[in-house]
Each structure stands twice: as C-alpha cells, then as structure tokens.
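The values are calculated or read from the model by the stated rules, or taken from the named source; none is laboratory data. For clarity, every value in this text was computed on a predicted model and none was experimentally measured. Surface accessibility is based on the protein's heavy atoms, side chains included, excluding ligands, DNA and RNA. Shrake-Rupley method; radii C 1.70, N 1.55, O 1.52, S 1.80 Å.
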Amino acid sequence: MPEAPPRTPDVWVILPTYNEAENLERIVGAVLEHLPESRRVLIVDDNSPDGTGEIADRLAAADESVSVLHRKLKEGLGPAYLAGFRVALDGGAERIIEMDADFSHDPSYLPRLIEATERADLAIGSRYVPGGGITEWGPMRRFISRGGSAYARVALGLPIRDLTGGFKCFRRIVLETIDLDTIEARGYAFQVETTYRAIKAGFRVVEVPIVFKDRADGTSKMSKSIVAEAMWRVPAMRIRRW
Ligand SMILES: Nc1nc2c(ncn2[C@@H]2O[C@H](COP(=O)(O)OP(=O)(O)OP(=O)(O)O)[C@@H](O)[C@H]2O)c(=O)[nH]1
Ligand SMILES: [Mg+2]
C-alpha cells in the first residue's frame with residue numbers, strides 16, 4: 001500500500017505574545033492537552049524584551065506541533081493575528097483559533113469552541129451569555145468591556161453579546177472570505193471587526209459561554225489608546241460598508 005501523504009494539521013491555535021515569559025510554557029502545555037491530534041500551536045511573538053521569543057523557540061524545538069512566528073515590531077494584537085492567520089491558512093488549517101496567552105482564556109473550553117464550529121462558521125467564547133462571566137475584574141474594567149460590547153452591538157446592529165472578546169474559533173472559509181488585507185484595527189476593534197465582517201458575509205456565528213479569568217502572571221497591554229481606537233473604528237466600519 002502506498003504511504004498516505006502527511007496530513008496537515010486541522011486545528012491551529014494562534015497565541016499572540018508580548019512579554020508572556022511567565023505564562024508561555026504553561027499555556028502551551030495546557031492548550032496542547034485540549035486539542036485533537038491533528039493540531040498546531042503557533043506563537044506570534046513581537047520581539048518581546050522579556051525573552052518570550054527564546055522560550056517559544058525552545059518549545060518549538062521540543063515539539064513538532066508547536067511553531068513560532070517572530071515579528072520585529074510590537075504593532076498590537078490585530079497585525080499579530082493577521083500574520084498568524086496567513087501562516088495557518090497557508091499551512092492548510094481547517095479551524096483557526098484565537099486566544100490570549102495569559103490564562104484569561106481557559107484552555108479547557110477549547111473542545112467546546114471547536115465543536116461549536118460543526119454547526120457554525122465562527123464560534124465566539126462569550127462572557128455575556130448565560131453561563132458566561134468574568135472573575136476578579138474591578139468595576140472599571142467590567143464597565144469598559146461590557147460597555148464596549150454594547151456600544152459595538154448597537155452601533156453595528158449585531159445580535160452578538162460579546163464583541164470584544166478574543167477567544168474565537170473560525171472555520172477557514174471565514175478568514176478566506178473577510179478580506180484580511182483591509183483590516184487595520186489593532187486592539188479590541190480587531191475583534192469587533194472580524195465578527196462584523198463574518199456576519200455581513202452571511203456566516204453563522206454562535207456564542208459559547210466562557211468564564212474569563214484575570215491574567216495569571218505578567219502585565220496587561222490594555223491601554224487608553226486601544227479603547228479610543230475601538231470608539232472611532234466601530235462607526236468607521238459601518239460607514240465604510242455604506
Ligand atoms: N504579538 C503580540 N501580542 C500581543 C500584543 N499586545 C498584546 N498581545 C498579547 O495578546 C494577548 C492579550 O493581551 P493582554 O495584555 O492580555 O490584554 P488584555 O487581555 O486586554 O489585558 P489583561 O486583561 O490585563 O490581560 C496576550 O497574550 C498578550 O501577550 C502585541 O502587540 N503583539
Ligand atoms: Mg489578557
């Protein structure tokens with residue numbers, strides 16, 4: 001019998017990192033535990049000064065299902081994800097997952113998220129549907145997050161409760177369709193924009209409840225400019241569609 005050609009991994013998890021040295025090894029291990037056999041974890045590191053990139057290289061050398069994309073500059077989450085998506089699509093990915101590398105997104109939800117894309121094209125880990133939630137955040141952070149999602153929901157007229165979260169599983173067809181080259185958003189707006197485009201393109205989007213935890217270690221990259229970007233980019237998305 002001729003040997004079967006090597007299968008390309010079906011499920012790719014993209015982990016963007018900037019100064020996640022304390023979290024990276026543990027999160028990669030935990031993610032791998034919850035993925036099917038046909039999987040790849042792609043770390044996208046923006047030249048973190050804390051040595052995250054070197055840890056990523058070591059993990060990739062030790063496990064063939066881990067790889068690293070090194071980028072020279074910190075440009076925000078959006079460009080890091082776009083670069084990762086392109087590598088995953090070129091690599092034959094069928095499902096592409098976004099998730100934070102700081103344990104805010106519990107890897108034990110991965111099977112549920114993947115399973116949800118059997119009946120949908122995009123599954124969103126959602127804090128704002130029954131069964132979802134947030135632990136540990138103070139009132140200000142909650143307000144920004146919930147307010148941001150509500151603002152985007154109303155401004156864009158979308159039936160989605162959690163538009164700013166970054167724990168999502170896309171079927172490849174979605175990323176092939178939504179024209180990644182014209183997405184410029186860098187922060188939370190990036191999450192809003194990918195979901196908005198998916199819905200406008202007619203894809204089925206479902207929300208899967210998740211409980212979001214505060215980051216395990218390291219420091220936040222959340223900033224006023226990320227919030228400000230989301231404020232103006234959300235109406236800009238709508239205007240561009242007109
Ligand atoms: N490659 C890359 N990764 C980034 C960049 N900014 C943030 N990240 C990563 O994106 C994920 C989410 O960023 P966080 O700093 O946790 O932002 P956040 O979740 O809004 O803030 P916290 O709740 O305080 O953690 C983490 O894995 C970060 O390391 C960036 O510019 N480039
Ligand atoms: Mg975080």
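Worth a mention:
- Each Cα pair under 8 Å and six or more residues apart adds its sequence gap; the mean of these over the residue count of the range 1-92 is a relative contact order of 33 percent.
- The solvent-accessible area of ARG119, taken with every protein chain present and a 1.4 Å probe, is close to 130 Å².
- Mean separation of Cα contacts under 8 Å (6+ apart) over length of the chain, as relative contact order %: 24 percent
- Dividing the Cα radius of gyration of the range 63-103 by its Kirkwood radius returns 0.95 for Rg/Rh.
- Dimensionless Rg/Rh of the range 127-178 - Kirkwood Rh, Rg from C-alpha atoms: 1.04
- 28 Å Cα-Cα threshold exceeded, pairs from LYS200/LYS221; LYS74/LYS224; LYS168/LYS221: LYS200/LYS221
- Computed over protein heavy atoms with a 1.4 Å probe, the carbon and sulfur contribution to the accessible area of the range 1-96 reaches 53%.
- ³J(HN,Hα), Karplus 6.51/-1.76/1.60, whole Hz, each residue of the range 209-217, x for Gly, Pro: x, 9, 9, 8, 10, 5, 4, 6, 9
- Solvent-accessible area per residue for the range 169-242 (1.4 angstrom probe, square angstrom): 52 Å²
- Three-way shape call for the range 198-237 based on the alpha-carbon gyration tensor, with the a/c threshold at 1.5: oblate
- Solvent accessible area, Å² - ASP106, 1.4 Å probe, full protein context: 40 Å²
- For the range 62-138, the gyration tensor built on C-alpha atoms gives an oblate shape. Its axis ratio a/c (a ≥ b ≥ c) is at least 1.5, and a/b is not larger than b/c.
- Across the range 12-67, Cα-Cα distances exceeding 16 Å account for 33% of all pairs.
- In Å, descending, principal axis extents of the Cα set of the range 120-231: 37, 31, 29
- Shape analysis of the range 1-104 places it in the prolate category; the axes a ≥ b ≥ c from the Cα gyration tensor give an a/c of at least 1.5, with a/b above b/c.
- Rg/Rh for the chain (Cα atoms only, Rh after Kirkwood) is 0.95.
- Counting only heavy atoms of the protein chains and using a 1.4 Å probe, GLU33 has close to 150 Å² of accessible surface.
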